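Take a look at the structure set out below.
Quick note: the coordinates plus some simple rules give every number you see, no bench work behind them. Note that the structure is predicted; figures quoted are calculated from it, not measured. All Cβ positions, glycine included, derive from the backbone under ideal geometry; neighbour counts span all protein chains shown.
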Amino acid sequence: MSTPSSVSAGKPEPFAPKFDAQGLIPAVAVDAGTGEVLMTAYMNREALEATRRNRKATFYSRSRNKLWVKGETSGNFLTVEEIRVDCDQDCLVIRVKLPPGGTACHTGEKSCFYRKLNLSGPAELERLS
């Protein structure tokens, strides 16, 4: 049995993202057409605001300590169609469009999730077909 939501159906509610102690929130990019998970990264407040403003997925690089627009090097920009927010407002799903033939992974794969973990044998990665 499901419990009713405390949020009134159809009534807007305030957006109050819960950033972690480092000021980041996880963001999962999915193909808006197929639902395929393309990549995951983090956003800080500035990256989230830039993404909303420009409609290009912008993330915060923890290793480089700076913002980066996905596709600024490769040309494979992720054009944002919609940003979904989970119930606790501490995780985002970004529905995006890739350019025709574009890739989201720096390896040249369409998705960063092109392998799966073997669950019934040695802990090895198997390439998806």
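Cβ-Cβ distance below 7 Å, separation of 6 or more or different chains: which pairs start in the range 107-129 with a residue that is within 15 Å of THR34 (Cβ to Cβ) and end on one that is of a type in the set (Lys, Arg)?
TYR114/ARG127; LEU128/ARG115; LEU128/LYS116
Only residues that are touching a strand residue (DSSP E or B) at 6+ places or on another chain (Cβ under 8 Å), within 16 Å of ASP86 (Cα to Cα) and either assigned to a strand (DSSP E or B) or of a type outside the set (A, V, I, L, M, F, W, C) (or both): list them for the range 7-36, please.
Across the range 7-36, the qualifying residues are PRO17, LYS18, ILE25, PRO26, ALA27, VAL28, ALA29, VAL30.
Do any strands (runs of 3 or more DSSP E) lying entirely in the range 61-129 carry at least 1 residues that are surrounded by 14 or more Cβ atoms within 10 Å (Cβ to Cβ), and which ones are they?
Output list reads 66-69, 79-85, 92-97.
Report every pair of residues separated by at least 6 positions or lying on different chains whose Cβ atoms are under 9 Å apart, first residue within the range 73-87 and of a type in the set (Phe, Trp, Tyr), second surrounded by 17 or more Cβ atoms within 10 Å (Cβ to Cβ) and in a strand (DSSP E or B).
Pairs found: PHE77/VAL96.
When the residues of the range 29-43 are narrowed to those that are surrounded by fewer than 20 Cβ atoms within 10 Å (Cβ to Cβ), more than 15 Å from THR58 (Cβ to Cβ) and in contact (Cβ under 8 Å) with a residue 60 or more places away in the chain, which ends up nearest to the chain's Cα centre (by Cα)?
In this case the residue turns out to be VAL37.
Select from the range 42-60 the residues that are of a type in the set (A, V, I, L, M, F, W, C) and assigned to a helix (DSSP H, G or I) and list them in ascending order.
ALA47, LEU48, ALA50 - these are the residues of the range 42-60 that are of a type in the set (A, V, I, L, M, F, W, C) and assigned to a helix (DSSP H, G or I).
For the range 44-59, which positions are over 21 Å from GLU109 (Cα atoms) and surrounded by 14 or more Cβ atoms within 10 Å (Cβ to Cβ)?
ASN44, ALA47, LEU48, ALA50, THR51, ARG55
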